[in-house]
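The values are calculated or read from the model by the stated rules, or taken from the named source; none is laboratory data. Small disclaimer: the values here were computed from a predicted structure and weren't measured. Heads up, the Cβs are rebuilt from the backbone with ideal geometry, glycines too, and the neighbour counts pull from every protein chain shown. Please note that ligands, DNA and RNA were not included when accessible areas were found on the heavy atoms of the full protein model with its side chains. Shrake-Rupley method; radii C 1.70, N 1.55, O 1.52, S 1.80 Å.
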Amino acid sequence: MNQFRARLTIIFIVLIGSSVLTAGLFMAKMLKDSHIDALKTNMLRELRIIQVTFDWNRGGTEAEQIQYYTDLAIKLKKSADARVTYIRADGKVLGDSDYAASGMDNHLNRQEVIDAERSGVGYVQRYSETIKRNMLYVVVPLKDGGETKGYLRLAMSLGEVEKSIRNVWFVLLAGLLAVFAIAGLISYRVAYGITRPIEQVTRVAQQITNLNYKSRVHIRKRDEIGQLGQAINRMADSLQLQMNRILENESRLKSVLENMVSGVIMIDRDGHIALLNRSAEEILGFSSQELLGKKYDEAKQQYEFTQLIQECFEIREHIREEMIFYYPSERILEIHLIPLSPAEEEWAGLLIVLHDITAVRRLERMRSEFVANVSHELKTPIAAVKGFAETLLAGALNDKETARSFLQIIFDESERLNRLIGDILELSKIESKRIPLQFSPVHLHTFVSHCLNVMNTEAVKKSIELDMQVPEDIYMEADEDRLRQILINLLSNGINYTPEGGKVRVKAEQIVSGGEGTEPDYVRLTIADTGIGIPKKDLPRIFERFYRVDKARSRGSGGTGLGLSIVKHLVELHKGTIRVESEVGMGSQFIIDLPIVH
Ligand code: ADP
């Protein structure tokens, strides 16, 4: 831009300078011409006066004539202040104010003389070799009745004229320099005035290019530049608006993408990984820094997965596939590969969506296993009922004693079947969370002694001692029916799996989980027995559905294998935890921690 300004300034200066120079030249020429014209007129007038005033026909010898005219010329020079020469008609000089006429050559061929003879007056400017000056010569012929008798010549040096022309030049040059300086300054100002707004507009445009959308042009002029500035401002406004919209959309899309449960990966048309959301990072076990920009086949992914992407690149169709991934942990993934605009020309790469369906598949497996388990559990008592009924029908009825014991078995098995179905229904109800808990304050002492009363008959039958250790002042919030279910289940297990003469004890205490000095927030219930205990290897599994340590032993006790599973679910519904400690032959204890308030 400065270049432009400099160029503009130079153009202005050249324009102004050349016009001043031309004017100067023109003026000098005019001045000189008018000077010389005036000089000519004067000299001619003087010549005319001299012509008529003196006698130009003097007789005598040539030497006398020369003497006379030379004297006259010298005299005339004094008043005319010019060299005076008298030339005879044949060109012989008879008198000269400055030089000796006798030594001068013939003047007939002098241009001024020829001109004077031809047109009555002759003017010539010539450099005089004799006096080394520029001279103006004016000649008039001296006529006598149409015959030329001689020529009278005045010569003046042009030194004066030239000097004054030189002065004019000097003044002109000085003036020119001053004008130049002023013109330069003004030109610069003018150029600056023109270029500054352009510079500003350029600067703003530059800043907008550099993504500074807040930059604006501040020109209040209403000319074209001002309009340009306003147009730029409007453009910046709209750019800023659009950019804000784009940014807003981008952040929206980003937050959608980042909070999606599914993994999303985008691969561009050249096979480079262009986008990767957080879920995809988690699922693949790689951070986006490690993957972004890499080619998909260089991204250290499972071979089958890379193959699948390759396939989608080739066929450019939606592919859905289930695949087991082993890194970073074993999971089942549902993979969708979606080509982005499959048309050949607009092929923009592909989108990969990953769903972790491990949990879904596990649940499906569990459900089918549960159905298989339930069928199996139901089959056993039904087979027993059916078998004994058949035997009775086949004639065993006649033997009263046998018939009675068979009927007892049928009764027991159907009772078991009933319990089993009841437990299954209960468990499915709890699992599907269809029973909302009804919390109410429970006074633990009263509650536990009531439960022990319920179990007393059972215990007495096996001469097992029931015992409780519950402080009087413990209250807690719980669904009383469900809490009773928990306790009765554990007590009945305790009685069931403890040989005669053993002990089952319930203990309750308050627990402070926060730091010292804070209020107790948990109640710990411990149900301990002195029974047969549970082998170490079975401990982690006894809360599973239908899990029994020893099928034969459990069946003998009438268990369904669902009791502990139900207990665990109920405890979790109360936001509590349950764990078991046991030693074979010594006894077991179940420890439940429940929050006091909900
Ligand atoms: P069950 O109805 O068979 O008792 P549970 O789910 O209540 O089913 O218990 C699962 C298994 O855990 C039982 O089969 C039994 O082997 C074992 N078990 C439960 N409670 C005790 C206990 N107090 N002492 C020893 N074993 C126990």
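Once the mean of 1/r is taken over each pair of separate Cα atoms and inverted, the range 439-595 shows a Kirkwood hydrodynamic radius of 16.0 Å. If you wrap the Cα atoms of the chain in a convex hull and average its projected area over all directions, you get 64.7 nm². A 1.4 Å probe run over the protein chains yields, for the chain, 58 Å² of accessible area per residue, whole-number rounding.
Taking a straight line from the alpha carbon of residue 379, these lysines sit under 19 Å away, with near neighbours fewer than eight places off in the same chain left out: 551. Can you work out the FRET efficiency for the pair residue 143 and residue 174, with r the C-beta to C-beta distance and R0 = 41 Å, to the nearest 0.05? Efficiency for this residue pair is about 0.25. Hull volume per residue, based on the alpha-carbon atoms of the range 371-419 and their convex hull, is 51 Å³. For every other residue with a beta carbon closer than 12 angstrom to the beta carbon of residue 215, add +1 if it is Lys or Arg and -1 if Asp or Glu, then tell me the sum. It works out to a net charge of +2.
Using all pairs of distinct alpha-carbon atoms, the Kirkwood hydrodynamic radius of the range 195-309 works out to 17.7 angstrom. Dipole magnitude for the range 446-556: computed about the Cα centre from +1 point charges on Lys and Arg Cβ and -1 point charges on Asp and Glu Cβ, it is near 1040 debye. Using the rule -39500 (n - 2.57) for each DSSP H run of four or more residues, divided by the residues of the chain, the 222 nm mean residue ellipticity is -18000 deg cm²/dmol. Here the range 2-164 is treated with +1 on each Lys and Arg Cβ and -1 on each Asp and Glu Cβ, and its dipole about the Cα centre works out to around 800 debye.
Cα-based values for the range 1-125, radius of gyration first and Dmax second, are 24.6, 89 Å.
Based on the Kirkwood approach, the hydrodynamic radius assigned to the range 260-356 is 13.2 Å, with every pair of different Cα atoms included.
Between the residues 53, 104, 9, the greatest Cα displacement towards the positive end of the dipole of the range 2-164, with unit charges on the Cβ of Lys, Arg, Asp and Glu, is found for 9. Annotation: for a label point projected 7 angstrom from Cα along Cα→Cβ of residue 524, residues of the range 449-492 with backbone N closer than 17 Å are 469-471, 474-475.
Projecting the Cα atoms of 86, 67, 41 onto the dipole axis of the range 1-115, where Lys and Arg carry +1 and Asp and Glu carry -1 at the beta carbon, places 41 farthest toward the positive end. Averaging Cα coordinates gives a centre for the range 304-347 and one for the range 567-588; these two points are 46 Å apart. Solvent-accessible area assigned to carbon and sulfur over the chain amounts to 56 percent, based on a 1.4 Å probe. The residues packed around residue 238, meaning those with a beta-carbon under 14 Å from its beta-carbon, carry a net charge of +3 if Lys and Arg are +1 and Asp and Glu are -1.
A straight Cα-to-Cα reach below 28 Å connects residue 575 with the lysines 429, 433, 507, 536, 537, residues fewer than 8 places away in its own chain not being considered.
Note on surface exposure: 378, 21, 142 rank 21, 378, 142 by accessible area, highest first, 1.4 Å probe.
If you take all other residues with their beta carbon under 13 Å from the beta carbon of residue 321, and give Lys and Arg +1 and Asp and Glu -1, the sum is -4.
A viscosity of 0.890 mPa s and a temperature of 25 °C, combined with the Kirkwood radius over C-alpha pairs in the Stokes-Einstein formula, give the range 493-573 a diffusion coefficient of 166 µm²/s. Rounded to the nearest 20 debye, the dipole size of the chain about its Cα centre is 3220 debye, using +1 on the Cβ of Lys and Arg and -1 on the Cβ of Asp and Glu.
Here is the tail figure for the range 142-196: Cα pairs spaced more than 17 Å apart come to 68 percent of all pairs.
Seen from every direction in turn and averaged, the convex hull around the alpha carbons of the range 95-244 projects onto 18.2 nm².
Mean sequence separation of contacting Cα pairs (under 8 Å, at least six apart), scaled by the length of the range 273-341, corresponds to a relative contact order of 25 percent. For the range 409-526, the equivalent ellipsoid derived from the alpha-carbon gyration tensor has semi-axes of 29, 22, 11 Å in decreasing order. Considering only 280, 215, 372, the residue lying farthest towards the positive end of the dipole of the chain is 215, judged by Cα position with unit charges set on Cβ.
Each principal axis of the Cα cloud of the range 476-518 was taken in turn, and the coordinate range along them, longest first, works out to 44, 24, 10 Å.
Normalised Debye scattering of the range 90-150 at q = 0.12, 0.14, 0.22 Å⁻¹ gives log10 I(q)/I(0) of -0.31, -0.42, -1.00, counting only Cα atoms as equal scatterers and leaving out solvent.
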